[in-house]
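Structure first, commentary second.
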Amino acid sequence: MTQHFNFFQYFLLAAIVFHVIAFPLQAQYSVKDIDSLEKRLNTPSLTVDELYGTYQALIAAHQHTDREKALEYVQKGLLLAEKSKNYYYFTELYFNAATMHYYLNQLDSSLYYFEKALAMHAQWADKGYHKEDLD
């Protein structure tokens, strides 16, 4: 019982920290910026890291205004993570999914993705990888 309580406290703290840090970032995205980011997705010469960065920017741009759209970009990012086998991308995207589901009051889904994020982080952290090793 205590383990679940501590886990849930950790989840809430992480969600609050994400909200506090990301909210000011979201405010800097105008419709023009979002359109530019969406057009950038069609650039065939983007590297995997550039494409991932674009997905993350679009997730941040939509996280407080259109969470369903943010989840669409999370899913696209997860496809990229699968294709590139990048554990770091999986970890961040699962956490993004957990946060969006939390904001949408879909707590079962939020918990599911948060546990996936923790498991993925443990998988690559236990191997001694750092973010730089996975890019």
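Each value in this text was obtained by applying a stated rule to the coordinates, not by laboratory testing. The structure displayed is predicted, hence computed values, not measured ones. Methodologically, a virtual Cβ is constructed for each residue, glycine included, from the backbone with ideal geometry; neighbour enumeration extends over all protein chains shown.
Note on GLU50, GLU92, GLU68: ascending count of other Cβ atoms within 10 Å places them as GLU68, GLU50, GLU92, the fewest first.
In plain terms, the chain from TYR103 to VAL31 could stretch by 23.7 nm, reckoned as 0.36 nm per residue minus the Cα-Cα distance. Separation of the alpha carbons by more than 22 angstrom is noted, of LYS32/LYS69; LYS76/LYS116; LYS39/LYS76; LYS32/LYS116; LYS32/LYS83, for LYS32/LYS116; LYS32/LYS83. Each other residue within a Cβ distance under 11 Å of ARG40 adds +1 if Lys or Arg and -1 if Asp or Glu, for a net charge of -3. Fully extending the segment from GLU50 to ASP66, taken as 0.36 nm per residue of separation minus the present Cα-Cα distance, adds 3.5 nm.
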